[in-house]
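Structure first, then comments.
The values are calculated or read from the model by the stated rules, or taken from the named source; none is laboratory data. From a predicted model like this one, the values you see are computed outputs, not experimental measurements. Heads up, the Cβs are rebuilt from the backbone with ideal geometry, glycines too, and the neighbour counts pull from every protein chain shown. Heavy atoms of the whole protein, side chains included, go into the accessibility calculation; ligands, DNA and RNA do not. Shrake-Rupley method; radii C 1.70, N 1.55, O 1.52, S 1.80 Å.
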Amino acid sequence: MKLIFSIVLSLVSSFIFSQNDSFIPGKEWKDTNGVHINAHGGGIIFVNGVYYWYGEYKTAGRGGNTSLQGVSCYSSKDLYNWTNDGIVLRVENNPNSEITKGCIIERPKVAFNKKTGKYVMWFHLELKGQGYDAARAAVAISDNPKGPFKYIKSYRPNKGVWPMNFDDKFKSASIGEHQLKSWTPEWLEAIKNGMLVRRDFEKGQMSRDMTVYVDDNDKAYLIHAAEDNLTLHMSELSDDYLDFTEKWTRVAPAGHNEAPAVFKQDGVYYMITSGCTGWDPNEARSFSSKSIWGLWESLENPCVGKDAALTFHSQSTYVLPVQGKKGQFIFMADRWKPDNPIDGTYVWLPIQFDKGKPILKWFDKWDLDFYNN
Ligand code: GAL
């Protein structure tokens, strides 16, 4: 009896002591089974007291950035301790499926649609064997936050539709501009003036790194890296979040931004992005705007201190509003490990503000009490 009691006691105490009570950016983060969380390029929603974290399920080895399983989901009530709810959107074995095993699924973001009562997942899809050429936005749907999500379709947004406020004179191609040398001032000017918008007008605009932002009025937007990652597009989603309304604008034309994350504080919209250096980290950027449609003004690098020029060795993926702490946010980023993607870690930091500018400072360890100070 004594023995059983001490075994139970040690099990209970090991359970209690293995609980997380803080964020330790960049370090291994164990789920409630003691396994490193596998939800990269993720996004989080909050439903009835529970946070659901969706992300790319990576596997070991060089090929681990292609999707061999699908999109994973973890749930938590406190943001520190996460339970693995498994794969909620599964890749398919059918070689003709757009999401066949070995395709690329990146940056999944889920939004709950109050009108339809459905959970809608958008993600960046690359068709198997085509590198990053397809550049499609893909959508899946579920009745339940824990899935299963049913794949619907993928395509390039805004086919045959000009952006709002796009000058008429830029709608027709000017002869010879495609011969301009990349990165020259003339070439950048041609990009700003919509050279690649025109190129992709018939087949639809590209959609690589992306996020979904749901505004206070429940209107939702897909913000996606288009024009060969040179310009972000802000595309309004239809009321059921399953399609586009054809209202869209360009953000920071020729600014070369990816990894967008959008949030709103006191009626002002903010966006944090990265530059484009693949899996290698670079200097983050930030923007603010009074309207979702812009003009998005540059606020430059939000990071300060050591390694600020490399976003603390990470790349933005999402900005999470902290429940019960109005106007407070967590910056979520990935520290990619391309040689063994499953080992990638997460950098979560509190967003601070200084004179209307978001600020990110490194912490080896922090917790939600930060917001009480
Ligand atoms: C990054 C991007 C990632 C992934 C990677 C592939 O720039 O943010 O989501 O697409 O490139 O190299």
Among the residues of the range 320-339, write down those that are within 15 Å of the ligand (Cβ to nearest atom) and surrounded by fewer than 20 Cβ atoms within 10 Å (Cβ to Cβ).
Lys337, Pro338, Asp339
When both residues are 6+ apart or on different chains and their Cβ atoms are under 8 Å apart, which pairs have a first residue that lies in the range 262-280 and is within 27 Å of Asn340 (Cβ to Cβ), and a second that is open to solvent by 50 Å² or more (accessible area, probe 1.4 Å) and more than 8 Å from the ligand (Cβ to nearest atom)?
Ile272/Arg285; Thr273/Arg285; Ser274/Glu283; Ser274/Arg285; Gly275/Glu283; Gly275/Arg285
Residues in the range 282-295: is at least one outside any strand (DSSP E or B) and under 19 Å from Asp364 (Cα atoms)?
no
When you look at Asp240, is it surrounded by fewer than 17 Cβ atoms within 10 Å (Cβ to Cβ), at positive phi and either touching a residue at least 12 places away in the same chain (Cβ under 8 Å) or not β-branched (Val, Ile, Thr) (or both), yes or no?
no
Taking Asn165 as meeting all but one of (1) away from the ligand (no atom under 16 Å from the Cβ); (2) modelled with pLDDT of 95 or more, write down the number of the exception.
(2)
Are any of the residues in the range 244-259 of a type in the set (Ser, Thr, Tyr), within 26 Å of Ile152 (Cβ to Cβ) and surrounded by fewer than 23 Cβ atoms within 10 Å (Cβ to Cβ)?
yes
In this structure, is Ala225 crowded, with 17+ Cβ neighbours inside 10 Å and aliphatic (A, V, I, L, M)?
yes
Which pairs do you get when a residue that is surrounded by 12 or more Cβ atoms within 10 Å (Cβ to Cβ), found in the range 167-183, comes within reach of a residue that is not hydrophobic (A, V, I, L, M, F, W, C), reach meaning Cβ atoms under 7 angstrom, with the pair 6+ apart or on two chains?
Phe170/Asn193; Phe170/Gly194; Ala173/Arg198; Leu180/Glu186
Could we say that Gly86 is part of a helix (DSSP H, G or I) and not β-branched (Val, Ile, Thr) here?
no
Just the residues that are within 20 Å of Tyr57 (Cβ to Cβ), within 11 Å of the ligand (Cβ to nearest atom) and either of a type in the set (Ser, Thr, Tyr) or open to solvent by 10 Å² or more (accessible area, probe 1.4 Å) (or both), please, taken from the range 117-138.
Tyr132
Among the numbered criteria (1) surrounded by fewer than 18 Cβ atoms within 10 Å (Cβ to Cβ); (2) without any contact (Cβ under 8 Å) to a residue 40 or more places away in the chain, which one does Leu230 miss?
(1)
Are any residues in the range 320-335 among the aliphatic types (A, V, I, L, M) and assigned to a loop (DSSP other than H, G, I, E, B), and if so, which ones?
Val322
Hey, among the residues in the range 308-319 that are open to solvent by less than 50 Å² (accessible area, probe 1.4 Å) and assigned to a loop (DSSP other than H, G, I, E, B), which one's farthest from Met271 (Cα to Cα)?
Phe312
Does the range 35-53 contain any residue that is open to solvent by 30 Å² or more (accessible area, probe 1.4 Å), polar (S, T, N, Q) and either at negative phi or in contact with a helix residue (DSSP H, G or I) (Cβ under 9 Å, 6 or more places away or on another chain) (or both)?
no
Suppose we filter Pro350, Pro338 for residues that are assigned to a strand (DSSP E or B) and in contact with a helix residue (DSSP H, G or I) (Cβ under 9 Å, 6 or more places away or on another chain); which single one remains?
Pro350
Which condition from (1) part of a strand (DSSP E or B); (2) surrounded by 15 or more Cβ atoms within 10 Å (Cβ to Cβ) is the one that Asn81 breaks?
(1)
Can you work out which of the residues in the range 102-143 that are more than 25 Å from Tyr51 (Cα to Cα) and assigned to a strand (DSSP E or B) is farthest from the chain's Cα centre (by Cα)?
Cys103
Residues of the range 275-317 being among the small types (Gly, Ala, Ser), farther than 19 Å from His233 by Cα and more than 16 Å from the ligand (Cβ to nearest atom), in sequence order, are Gly305, Ala308, Ala309
Reported set for the range 296-307 where residues are open to solvent by 20 Å² or more (accessible area, probe 1.4 Å) and not in a strand (DSSP E or B) is Trp296, Leu299, Glu300, Asn301, Gly305, Lys306, Asp307
